[in-house]
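All of the numbers you see were taken from the coordinates with simple rules; none came from a lab. Only a predicted model underlies this, so the values are computations on that prediction, with no experimental measurement involved. Every residue, glycine among them, receives a Cβ derived from its backbone with ideal geometry; neighbour counts consider all protein chains shown.
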């Protein structure tokens, strides 16, 4: 194997100063993003009353195939409209990201709202869940979101009867989505 020592690399002919890596080859630089995968935009309203972890929706799952066994995967799930409610004082849910069908979780969150007046509660909010996964494999990794209810009710992509509109008023603007990034080590 040969080594090349240089102080600076720059494009010789590209007007945009791009340096290209030939097809089929990979630039190895620890800490850089090797690839980014945007999962499907999941627009459907979903709810659960399950008291054990279940998949939020199979249509939300996202997959990435690491290029190296040493890579780390940053897994982020953005939920723009999570709704919790209960007619009494307490609503508690747990969310978790799993790559192995729900046996273990890369990241879990606990969400709770409480009404000391015991007159009923409801809350809508945006949440992001981010975790790091070390698959130690170059096989495809599939991530999904799981949830369960400890008290009350939960729903995602709750449209409140207005066609899942975002702030812009655009129908379908609110959606839950995974973003996966492979990071070279």
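I want to make sure I understand the PRE zone here: with the label point 7 angstrom from the Cα of residue 2 toward its beta carbon, which residues in the range 16-30 have backbone N atoms less than 17 Å away? From the range 16-30, the list is 22.
Note on the chain: GNM, Cα springs under 10 Å; of 152, 102, 31, the largest mean-square fluctuation is that of 31. Spin-label pair residue 132-residue 88: with each label point 7 Å from Cα along the Cα-Cβ axis, the two points sit 4.1 nm from one another. Each of (1) 1.71; (2) 1.33; (3) 1.24 is a candidate for Cα Rg over 2.2 N^0.38 Å; the one calculated from this structure is (2). Cβ crowding within 10 Å ranks 126, 44 as 126, 44, fewest other Cβ atoms first.
Centre-to-centre, using Cα atoms only, the range 52-103 and the range 32-46 are separated by 12 Å.
Taking every alpha-carbon pair under 8 Å whose residues sit at least 6 apart, the chain reaches a relative contact order of 37 percent. In a fully extended conformation the segment linking residue 38 and residue 179 would gain 50.3 nm over its present Cα-Cα distance, using 0.36 nm per residue.
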